[in-house]
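The values are calculated or read from the model by the stated rules, or taken from the named source; none is laboratory data. Here the structure is a predicted model, which is why all the values come from computation and not from measurement. No Cβ is skipped: glycine too gets one built from the backbone with ideal geometry, and neighbour counts run over all protein chains shown.
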Amino acid sequence: MAVLDWLSMALVGAGTLFFIAGSIGLLRLPDVMTRLHALTKADNVGLGLIVLGLSLQTSGPMEVVRLLLVWALALLTSSCACYLVAHATLQARRETGHDS
Amino acid sequence: MTADAAALDILLAVLLVFLVWRLLTLSDLFKATILFIVFGLLLSLAWVRLRAPDVALAEAAIGSGVTGALVLDALRRLGAHGAVDEARPLRLNLARLSGGLLVACLGAILLWSVLSLPAGWRGLSAEAMAAMPHSGVTNPVTASLLNFRSHDTLLEIAVLMLAVLGVWTLDAEPKPSAEPAGPILDLLVRILLPLMVVVAGYLLWAGGHAPGGAFQGAAVLAAGGILLHLARPFYLGNHVIIRLVIGFGFAVFLAIGVMLVVGGGRFLEFPSRHAGTLILVVEAAATISIALILLALFVGNVREGAGRDAP
């Protein structure tokens, strides 16, 4: 049991690191595209690691399925939102003729 | 409460106050809008910490999600010129001072009424829990909303209907861009929309015994409609069918109340044998109506030149 707990801690900790890195990237990187690059890593890998870590603490397979569903939905929406933001940025650049 | 839970609560409280201060004083309205959405999400987290998951669901879906989309949409229509509010940061003038005094008076009255409660009074929760077996549902929040104080809920739906009337009397929507939304947004809609319909149905059904209910389900349904509107713009207009669906929930609620009076009972006092069924019928009708009301608030009036349905 203790081994599982340590493994959970390690996975959740690693996921948190990705979120911290993503947040620093959002604050420090120069433009929209690079910030998106940093954010999507946090959303996808960070959340995935946290979900894996939490899956080891559940009481049954149904909870694991629910957690995985949350991750799958976040993967879908975050990658689509990333595309939409990038697309809008490109359009704005084309219209104004300079970087936004 | 453990120390780390207390630390989380204190962090939440401080963050909420900080966010409100920032979003009221920022002159960049776009940033203020984003902060408003973040504020809503953190507020729903605070409701979870207060063990009120029903309120948390409603806050996340309506307070942060649908209202956030509404404010963003309003901001887009203001255009580049409206994005910066020169009146900010807000300075004190006579109108704001009198408004502030009014709010302070209201706060004082509320504070006074709380302080004037008899000492050691435990509230109405014991009476409410004692009446739970007669309410027809096992979720105390739904029992309160749809049974013990159903008059309030009936009038809340009426207020939402009035809000739609207000939107319809305003200017029509600007024409949408003819550009197609692109394959990615289309894909997102195709996957998310059926899921949202299922989730809305689940929330409606779960309301009887777990956190959920008509307002939460309707908010999810309306969010699906807004997503669809963003991908493929459509106009609701004030066609007679739309108006009928918007009034449907209120009408069913009122009709059941009147039927109870005709049957010899009192207005909206559900007999405990049928209370569960009646509440489910009212909630199902209300979900459809509230969803369309929230969507109508976002989509707005019929586009210019296509107003043939208007009376």
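Table: residues versus (1) within 30 Å of B:Asn238 (Cα to Cα); (2) touching a Pro at 6+ places or on another chain (Cβ under 6 Å); (3) modelled with pLDDT of 85 or more; (4) not assigned by TED's automatic domain parsing to the domain that holds B:Ala286.
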position: B:Ala130; (1), (2), (3), (4): no, no, yes, yes
position: B:Ala143; (1), (2), (3), (4): no, no, yes, no
position: B:Asn147; (1), (2), (3), (4): no, no, yes, no
position: B:Thr153; (1), (2), (3), (4): yes, no, yes, no
position: B:Met161; (1), (2), (3), (4): yes, no, yes, no
position: B:Ala172; (1), (2), (3), (4): yes, no, no, no
position: B:Ala178; (1), (2), (3), (4): yes, no, no, no
position: B:Ile184; (1), (2), (3), (4): no, no, yes, no
position: B:Leu187; (1), (2), (3), (4): yes, no, yes, no
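Determine whether B:Leu221 is closer than 30 Å to B:Arg149 by Cβ, in a helix (DSSP H, G or I), under 20 Å from the mean Cα position of the chain (by Cα) and touching a residue at least 24 places away in the same chain (Cβ under 8 Å). Answer is yes for this residue.
Across segment B:124-167, the number of residues qualifying as outside any helix (DSSP H, G or I) and crowded, with 19+ Cβ neighbours inside 10 Å comes to 4.
Among residues of segment A:25-43 that are surrounded by fewer than 14 Cβ atoms within 10 Å (Cβ to Cβ), those with a Cβ under 9 angstrom from a residue that is part of a loop (DSSP other than H, G, I, E, B), sequence gap 6+ or separate chain, pair up as A:Asp31/A:Asp99; A:Asp31/A:Ser100. Cβ-Cβ distance below 7 Å, separation of 6 or more or different chains: which pairs start in segment A:62-87 with a residue that is more than 10 Å from every other protein chain (Cβ to nearest Cβ) and end on one that is surrounded by fewer than 13 Cβ atoms within 10 Å (Cβ to Cβ)? Pairs found: none. Reported count of residues in segment A:13-57, each being part of a helix (DSSP H, G or I), within 20 Å of A:Tyr83 (Cα to Cα) and of a type in the set (D, E, K, R), is 3. Residues considered: B:Ile246, B:Ile226, B:Ile241. Of these, the only one that is over 24 Å from B:His134 (Cβ atoms), assigned to a helix (DSSP H, G or I) and without any contact (Cβ under 8 Å) to a residue 24 or more places away in the chain is B:Ile241.
Residues in segment A:88-100 that are within 13 Å of another protein chain (Cβ to nearest Cβ) and either surrounded by 14 or more Cβ atoms within 10 Å (Cβ to Cβ) or assigned to a helix (DSSP H, G or I) (or both): 7 in all. B:Val114 meets all of the listed conditions (1) modelled with pLDDT of 85 or more; (2) out of contact with any Gly (no Cβ under 9 Å at 6 or more places or on another chain); (3) assigned to a loop (DSSP other than H, G, I, E, B) but one, namely (3). Given the residues B:Leu244, B:Leu236, B:Leu254, B:Leu230, which is the only one that is on the phi < 0 side of the Ramachandran plot, within 14 Å of chain A (Cβ to nearest Cβ) and either at pLDDT below 90 or surrounded by fewer than 18 Cβ atoms within 10 Å (Cβ to Cβ) (or both)? Checking each option against the conditions leaves just B:Leu230. Applying the condition of being surrounded by fewer than 16 Cβ atoms within 10 Å (Cβ to Cβ) and within 14 Å of chain A (Cβ to nearest Cβ) to segment B:194-226 and asking which residue is nearest to B:Thr277 (Cα to Cα) yields B:Tyr202.
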